[in-house]
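Report on one structure; see the data block that follows.
The values are calculated or read from the model by the stated rules, or taken from the named source; none is laboratory data. Fair warning: this is a prediction, and the values are worked out from it, not measured in the lab. Glycine also receives a Cβ, built like all others from the backbone with ideal geometry; neighbour counts cover every protein chain displayed. Heads up: the accessible areas ignore ligands, DNA and RNA and are worked out on the full protein's heavy atoms, side chains in. Shrake-Rupley method; radii C 1.70, N 1.55, O 1.52, S 1.80 Å.
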Amino acid sequence: MPSQSHYIPSLSTLLFQLKSLRQQNTSLHPIDPLLHQLDESCQHFDHSLHLLSLEFGQVSTALTTLVTMLEQPNLGTLECEQVYCLLEPFAHRLQQTTRQMQELA
């Protein structure tokens with residue numbers, strides 16, 4: 001049985017819809033400060049996601065480069081210490097990115 005995907009609007013879309021409803025109904029003015037706070041939170045969230053995306057892109061590129069390097073026939077046998085030196089910076093960056101994502105959650 002194929003699963004049906006359910007459309008989930010983005011936070012920005014939902015915020016836009018809320019602002020439109022607010023403009024149509026002046027009695028909702030008490031929610032203006034909350035809408036402003038939500039707008040700032042959405043901007044911060046979007047910015048953080050963009051930075052995380054860039055970070056993952058850099059790690060992905062670096063790991064792809066490392067794999068290509070390790071596949072070279074003239075590379076010979078690498079010692080464990082050499083492999084560690086190649087992989088340790090990537091592991092560190094992935095840990096940092098994971099912490100950043102956890103802070104957003």
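Net length available on complete extension from THR13 to LEU54 is 12.4 nm, with 0.36 nm assigned per residue and the Cα-Cα distance removed.
Computed from phi, the 3J(HN,Hα) profile of segment 87-99 under the Karplus parametrisation 6.51, -1.76, 1.60 (θ = phi - 60°) reads 8, 4, x, 5, 4, 4, 5, 5, 5, 4, 5, 4, 4 Hz, with x in place of Gly and Pro. Within the full protein context, the accessible area of ILE8 is estimated at about 130 Å² for a probe radius of 1.4 Å. Between ALA91 and HIS47, the distance separating the two model label sites (each 7 Å from Cα on the Cα→Cβ line) works out to 3.4 nm. Counting heavy atoms of the protein chains alone, SER48 has an accessible area of about 20 Å² for a 1.4 Å probe.
Accessible surface of the chain, 1.4 Å probe: 60 percent of it comes from carbon and sulfur atoms. For ARG22, ARG93, the ranking by accessible surface with the largest value first comes to ARG93, ARG22, using a 1.4 Å probe.
Against the set [x] 1.29; [y] 1.22; [z] 1.76, the structure's computed Cα Rg over 2.2 N^0.38 Å falls on [z].
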